[in-house]
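Enquirer: Below is one structure. I have some questions about it.
What follows is calculated from the coordinates using simple rules that are stated; it is not laboratory data. All values reported here derive from a predicted model rather than from experimental measurement. When we count neighbours, we look across all protein chains shown, and the Cβ atoms used for this are built from the backbone with ideal geometry, even at glycine.
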Amino acid sequence: MSHDSDPLPRRELARDRFRLRVASEAADLEAVLEVKRALAMPTRPGETATGGFILGAEREAYRQLITGGCVELLELEGRVVGYAVTLPDPILRASDIWRRRESIAWAPGFDPQPLEPEPIAYFDQLAVLPGIHVRAYGAVLGLRALARLFSAGHRHVLTTTLRAPVRNAAAHAYLRRVGACLVGQIEERYEGVGEVVSDIYHLERARFSERLARYRAAPPRVAGLAARAVAGTSFA
């Protein structure tokens with residue numbers, strides 16, 4: 001995931017003309033790849049407070065995700081400047097991600113077994129180009145992706161965000177803000193990067209709805225942007 005820590009946009013975003021839509025066109029693939037190429041992982045170990053990097057998935061994988069309706073786009077003045085990738089329950093359970101669940105070191109006190117019979121989605125990627133009010137747009141795009149998943153009937157959303165060699169502090173802060181809880185860790189390997197450790201977060205529908213209510217109770221500008229984020233979903 002790639003975003004910064006502000007919960008919702010400020011005045012700059014309110015003046016911008018942005019659009020949220022599901023990717024579906026052939027040209028969308030190139031736009032998504034362009035955003036991904038701009039978000040390489042930092043080369044030095046440590047922590048980043050601005051997010052700004054995406055691991056995994058190449059051209060053919062993105063093509064399949066777009067065909068499956070799994071990619072939400074953020075457009076600013078007609079240009080794709082960000083995207084979110086989510087996996088609904090059937091696609092998640094058929095993926096390598098689901099098969100790797102046996103490798104997860106679950107946090108003490110968290111039992112994943114009760115979740116498995118219920119509809120579960122996976123929030124895979126959240127990316128916004130650097131310099132495009134990352135904190136603002138990342139928040140809106142993230143709300144949109146989550147609202148669509150829960151509106152589709154999912155009870156739970158799982159996601160991972162990098163802890164080592166670079167800790168994505170922006171993603172951790174955002175996930176806590178929308179109500180997600182840290183429930184485990186997993187060691188993974190990515191081509192060109194090597195071994196990484198990712199934290200696993202869990203978000204329930206009721207918890208998300210509760211946090212969304214806070215945005216609705218915020219000042220009119222923020223509440224209006226949150227309303228745009230969930231427009232067309234059951235949270236509208």
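Enquirer: Quick check: residue separation of ALA218 and ASP96 times 0.36 nm, minus the Cα distance between them. What number comes out in nm? The partial results should precede the final answer.
Expert: Values: separation 122, 0.36 × 122 = 43.92 nm, distance 3.96 nm.
Once the chain is fully extended between ALA218 and ASP96, it gains 40.0 nm.
Enquirer: With each pseudo-label sitting 7 Å past Cα toward Cβ, what's the GLU210-ALA164 distance in nm, one decimal?
Expert: Rounded to a tenth, the inter-label distance reads 3.2 nm.
Enquirer: Can you give me the distance in nm between label points at GLU75 and ARG37, each placed 7 Å from the Cα along the Cα-to-Cβ direction?
Expert: 2.1 nm
Enquirer: Between THR67 and ALA231, what FRET efficiency comes out of the Förster formula 1/(1 + (r/R0)^6) with R0 = 30 Å and r the beta carbon distance, rounded to 0.05? It would help to have the intermediate numbers written out before the result.
Expert: Working: r = 24 Å, r/R0 = 0.81.
Calculated transfer efficiency: 0.80.
Enquirer: What does the highest-first list of 216-228, 92-104 look like by mean Cβ count within 10 Å? Mind showing how you got there, number by number?
Expert: Values: 216-228: 14.9, 92-104: 13.2.
Taking the mean over residues of other Cβ atoms within 10 Å, the ranking is 216-228, 92-104.
Enquirer: Could you tell me the calculated FRET efficiency between TRP106 and SER24, based on Cβ-Cβ distance and R0 = 30 angstrom, to the nearest 0.05?
Expert: Working: r = 37 Å, r/R0 = 1.22.
That pair, TRP106 with SER24, gives E of 0.25.
Enquirer: Evaluate the distance, in nm, between pseudo-label points positioned 7 Å from the Cα of ARG17 and of VAL197 along their respective Cα→Cβ axes.
Expert: In this crude label model, ARG17 to VAL197 measures out at 4.8 nm.
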